[in-house]
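Chemist: Pasting in a structure now, in structure tokens, and then I'll have a few things to ask.
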Amino acid sequence: MAWNVLIAGGGFGGFYAAKTLAKVLPPHSARVRLVTEDNFMLYTPLLPGAAAGTLEPRHVVVPLREELDSSIHLRLAKITGATPHRNVIHVRSLDGTQEELRYDQLIVALGSVSRTLPIPGLAEHGKALKSLPEAIALRNHVVRTLEIAETLEDGDARREYLTYIFVGAGYAGLEGLAELQDFAADVIDLYPRCQVTGMRWILVEASGRVMPEIGQKLADFAVRELRARGIEIRTQTTLDEVTARSARLSDGEVVATRTLVWTAGVKPHPVVAQLGLPLDDRGRIDTDDRLQVKGFDNVWAIGDCAAVPDPARKGVPSPPTAQHAIRQGRVVGRNVANALGGGGRGRRFTYKTKGVFVDMGRRKAVATTGPITWSGTPAWLLARSYHLAMMPGAGRRARLLVDWNIGLLFGRDTAELGRLGEPRALEAPLAEVASAGANGTEDDASAGAPAGSASAAR
Ligand SMILES: Cc1cc2nc3c(=O)[nH]c(=O)nc-3n(C[C@H](O)[C@H](O)[C@H](O)COP(=O)(O)OP(=O)(O)OC[C@H]3O[C@@H](n4cnc5c(N)ncnc54)[C@H](O)[C@@H]3O)c2cc1C
């Protein structure tokens, strides 16, 4: 009888676990199912590039059916829980039916979500940069703020739309802000009034420094580079309150803004708490250094949702990075194959961070590769080469190259495709004209404008 191996989550960890199992399991010895919500893996390090319009959204994802061996069964479903003592997970299938899927070996790789804090107004007004829809929505929002600001007579009202705050200076915050600011600075020539007013970009960080993932010298370089572009960097500062039109910071300043992006860390996906597995104080699944969940000999956990001991720092879990999730995926694939073959629990996870790349747009980056540190254009070239090498599939790599080169030659476009994927109902245009006639309004762009700042004919 073939064994049932189930991988929960098709991100970095799950994808590499599946690839490894396809490689190392003897043919027909096991049925490997990858259960995940989307039929692609999101290559998150390139998400800021998609948010800034340098890369096509489709080009920062890896279609799982194309890239996985045909021996891996992909099953799209939402995992809703598990009963580990019966060896089943609970899923809601695409057609809405609730089902139980049985396993002999389970690998949990369900990733993380944005970690929010109980700050007044944050849940209602904060934006995230964690998923593809969020990245695209953020880009559309930035374009829309430019479009709205361009219609406003009042300079203060315009300034409010042209002020952008990011809270949290890790990968997502720093790269996201840098790429979006670069994009906005590139296209602002097309908005004469906005150009006169100018933009304000602020990066707020609670701790004393940006990017704890890189050394102090490189972090200082990144800060100098961003400040030279006019970006304000406020360390040891927290966000105290957000409204639709302002953000109050702990240094007392109330900044008038329509854009607050929350990039201050991650926490395990909430479904992880429904799996009946042991968790640490931060809600991550407790594993040993072979990635096996404590107290279960047939359950394994990897990636952002797991507290895997970090080989580089005693007593601390591995950081939530793609590079760790990838290596854990490879190790867990081998360990599960080993366990099925009766060979015990297999290898220890020993990976220590070898390098870090932080792309800051404008052909600038900072990077460390082993003992060597890089900054400026060489680091940027290195970062692009690294992602090119890491992106699975020759077709995907070719698409990245084309996007990057077109961007270098022709700049970026400012089309705001916010309605993409939400087509109007057949009769919607008729209804809109009727309701505009009744209300005396013309379009919904002016709906975001403050009262008293009437759109000017240009
Ligand atoms: C903007 C940004 C930039 C980043 N840049 C870098 C970088 O440059 N370098 C780096 O090393 N790391 C970077 N990271 C971190 C990196 O993305 C994560 O550490 C990595 O994705 C973790 O892999 P994972 O497999 O644990 O989770 P994920 O890759 O998030 O995968 C989780 C999977 O589980 C699926 N899933 C979740 N819940 C369910 C459910 N209920 N049912 C079914 N499926 C579910 C999801 O759809 C997803 O496929 C970045 C993150 C962000 C947000």
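The values are calculated or read from the model by the stated rules, or taken from the named source; none is laboratory data. Here the structure is a predicted model, which is why all the values come from computation and not from measurement. No Cβ is skipped: glycine too gets one built from the backbone with ideal geometry, and neighbour counts run over all protein chains shown. These accessible areas exclude ligands, DNA and RNA; they are computed on the full protein's heavy atoms, side chains included. Shrake-Rupley method; radii C 1.70, N 1.55, O 1.52, S 1.80 Å.
Chemist: Taking 0.36 nm per residue of separation and subtracting the Cα-Cα distance, what length does fully extending ALA389 through LEU409 add?
Modeler: Extra length available between ALA389 and LEU409 comes to 5.0 nm.
Chemist: Continuing with this model, one more query. Which FRET efficiency value, to the nearest 0.05, is calculated for VAL433 and ALA137 with the Förster distance at 30 angstrom and r the Cβ-Cβ distance?
Modeler: E(calc), rounded to 0.05, equals 0.65.
Chemist: Add +1 for every Lys or Arg and -1 for every Asp or Glu among the other residues with Cβ under 13 Å from the Cβ of GLY346, and state the total.
Modeler: Values: positive: ARG290, ARG330, ARG334, ARG345, ARG347, ARG348; negative: ASP288, ASP289, ASP297.
Net charge in that neighbourhood comes out at +3.
Chemist: In percent, what relative contact order does region 4-142 have, based on Cα pairs under 8 Å that are 6 or more apart in sequence? Don't skip to the end; give the middle numbers.
Modeler: Details: 228 pairs, mean separation 40.3, N = 139.
That works out to 29 percent.
Chemist: Ok, one more. What Kirkwood hydrodynamic radius do you get for the chain when you take the inverse of the mean 1/r over all pairs of distinct Cα atoms, in Å? Show your work: numbers first, answer last.
Modeler: On the way: mean 1/r = 0.0420 Å⁻¹.
Evaluated on the chain, it is 23.8 Å.
Chemist: Set Lys and Arg Cβ to +1 and Asp and Glu Cβ to -1, take the dipole of the chain about its Cα centre, and tell me which of PRO133, ALA244, GLY198 lies farthest positive.
Modeler: So the residue furthest toward the plus end is PRO133.
Chemist: Also, quick follow-up: Please report the net charge: other residues with Cβ closer than 12 Å to the Cβ of PHE12, K and R +1, D and E -1.
Modeler: Details: positive: LYS19, ARG327, ARG330; negative: ASP304.
Computed value for this residue: +2.
Chemist: Would you mind working out the accessible area per residue for the chain, using a 1.4 Å probe, and quoting it in Å²? The partial results should precede the final answer.
Modeler: Details: 21300 Å² over 458 residues.
For the chain, the per-residue accessible area is 47 Å².
Chemist: Which number comes out as Rg/Rh for region 169-317 once both Rg and the Kirkwood Rh are worked out on C-alpha atoms?
Modeler: Working: Rg = 20.1 Å, Rh = 18.4 Å.
On the Cα set of region 169-317, Rg over Rh gives 1.09.
Chemist: At 7 Å along the Cα-to-beta-carbon direction for both ARG209 and THR243, put a label point, then send me their distance in nm to one decimal.
Modeler: The modelled label-to-label distance comes out at 3.8 nm.
Chemist: Expressed as a rounded percentage, what relative contact order does region 81-178 have, with Cα pairs under 8 Å and six or more residues apart? Kindly include the intermediate steps, with their values, before the conclusion.
Modeler: Working: 61 pairs, mean separation 11.9, N = 98.
Normalised by residue count, the contact order of region 81-178 is 12 percent.
Chemist: Rounding to the nearest 10 and keeping the result within 0 to 90°, find how far the Cα-based axis of helix 171-187 lies from the longest principal axis of the chain.
Modeler: Its long axis makes an angle of about 40 degrees.
Chemist: ASP251 to LYS78: extension gain in nm, 0.36 nm per residue of separation minus the Cα-Cα distance?
Modeler: My answer for the length gained is 58.0 nm.
Chemist: Taking just the alpha carbons, could you work out the radius of gyration and Dmax for region 258-373, both in angstroms?
Modeler: Rg and Dmax of region 258-373, Cα atoms, are 16.6, 59 Å.
Chemist: So how strong a dipole does region 91-187 carry about its Cα centre when Lys and Arg Cβ are +1 and Asp and Glu Cβ are -1, to the nearest 20 debye?
Modeler: Values: 9 positive and 16 negative charges, 65 e Å.
Computed about the Cα centre, the dipole is about 320 debye.
Chemist: What do you get for Rg/Rh over region 311-361 if you use C-alpha atoms and the Kirkwood form of Rh?
Modeler: Details: Rg = 14.0 Å, Rh = 12.7 Å.
Using only Cα positions, Rg/Rh for region 311-361 is 1.10.
Chemist: With charges only on Cβ, +1 for K and R and -1 for D and E, what is the dipole size of region 313-374 about its Cα centre, in debye, rounded to 20? Please list the in-between numbers first.
Modeler: Working: 13 positive and 1 negative charges, 27 e Å.
Its charge dipole is roughly 140 debye.
Chemist: Under a crude label model (7 Å from the Cα following the beta-carbon direction), how far is THR369 from ALA185 in nanometres?
Modeler: About 2.6 nm separates the two model spin labels.
Chemist: Quick one: net charge of VAL316's neighbours, Cβ under 13 Å, K/R +1, D/E -1? It would help to have the intermediate numbers written out before the result.
Modeler: Details: positive: ARG282, ARG284, ARG313, LYS314, LYS352; negative: ASP280, ASP281, ASP289, ASP310.
Net local charge, VAL316 excluded: +1.
Chemist: Leaving ligands and nucleic acids out of the surface, order LYS78, LYS23 by accessible area at 1.4 Å, largest first. Don't jump to the answer; show the numbers that get you there.
Modeler: Working: LYS78 75, LYS23 155 Å².
Ranked list, largest accessible area first: LYS23, LYS78.
Chemist: For the pair ALA22 and ARG227, how long in nm is the line joining their label points, each one 7 Å along Cα→Cβ?
Modeler: 4.9
Chemist: After finding the eigenvalues of the alpha carbon gyration tensor for region 1-108, what semi-axes result from the square roots of 5 times each, listed largest first in whole Å? Walk me through the intermediate numbers first.
Modeler: On the way: eigenvalues 145, 61, 23 Å².
Each semi-axis is √(5λ); the values are 27, 17, 11 Å.
Chemist: Follow-up question, since we're still on this one. Calculate what fraction, in whole %, of the accessible area of region 191-294 sits on carbon and sulfur atoms when a 1.4 Å probe is rolled over the protein chains. Walk me through the numbers on the way to the answer.
Modeler: Working: 2260 of 4640 Å².
Percent of accessible area from carbon and sulfur atoms in region 191-294: 49.
Chemist: If you count, for each residue, the other Cβ atoms within 10 Å and average over each peptide, how do 95-107, 57-69 line up from highest to lowest? Please report the intermediate quantities before stating the final value.
Modeler: Numbers: 95-107: 16.1, 57-69: 17.6.
Ranked by mean Cβ neighbours within 10 Å, highest first: 57-69, 95-107.
Chemist: Oh, and also: Would you work out the charge dipole size for the chain about its Cα centre, treating the Cβ of every Lys and Arg as +1 and the Cβ of every Asp and Glu as -1, and quote it to the nearest 20 debye?
Modeler: On the way: 55 positive and 50 negative charges, 432 e Å.
So the dipole magnitude of the chain works out to roughly 2080 debye.
Chemist: By how many nm would the segment from ARG58 to ASP38 grow when fully extended, if each residue of separation counts as 0.36 nm and the alpha-carbon distance is taken off? Mind dumping the intermediate values first?
Modeler: Values: separation 20, 0.36 × 20 = 7.20 nm, distance 1.29 nm.
Gain in length upon complete extension: 5.9 nm.
Chemist: Assuming R0 = 41 Å, what is the FRET efficiency of ARG144 and SER93, from their Cβ-Cβ distance, to the nearest 0.05?
Modeler: Working: r = 36 Å, r/R0 = 0.88.
The formula returns an efficiency of 0.70 here.
Chemist: Mind grabbing the accessible area of ASP310 for me, 1.4 Å probe, Å², rounded to tens?
Modeler: 20
Chemist: Once you treat every alpha carbon in region 137-204 as an equal point and sum by Debye, what is log10 I(q)/I(0) at q = 0.24, 0.27 Å⁻¹?
Modeler: Values, matching the q order: -1.04, -1.23.
Chemist: Could you please tell me the mean projected area of the C-alpha convex hull for region 141-252, averaged over all directions and given in square nanometres to one decimal?
Modeler: 7.1
Chemist: In whole percent, what relative contact order does region 234-357 give with Cα contacts below 8 Å and a gap of six or more residues?
Modeler: On the way: 179 pairs, mean separation 18.6, N = 124.
Normalised by residue count, the contact order of region 234-357 is 15 percent.
Chemist: Enumerate the whole-percent occupancy of each 10 Å bin, from 0 to the last occupied one, for all C-alpha pair distances of region 24-166.
Modeler: Using 10 Å bins, I get a P(r) of 9, 26, 29, 20, 10, 5, 1, 0 for region 24-166.
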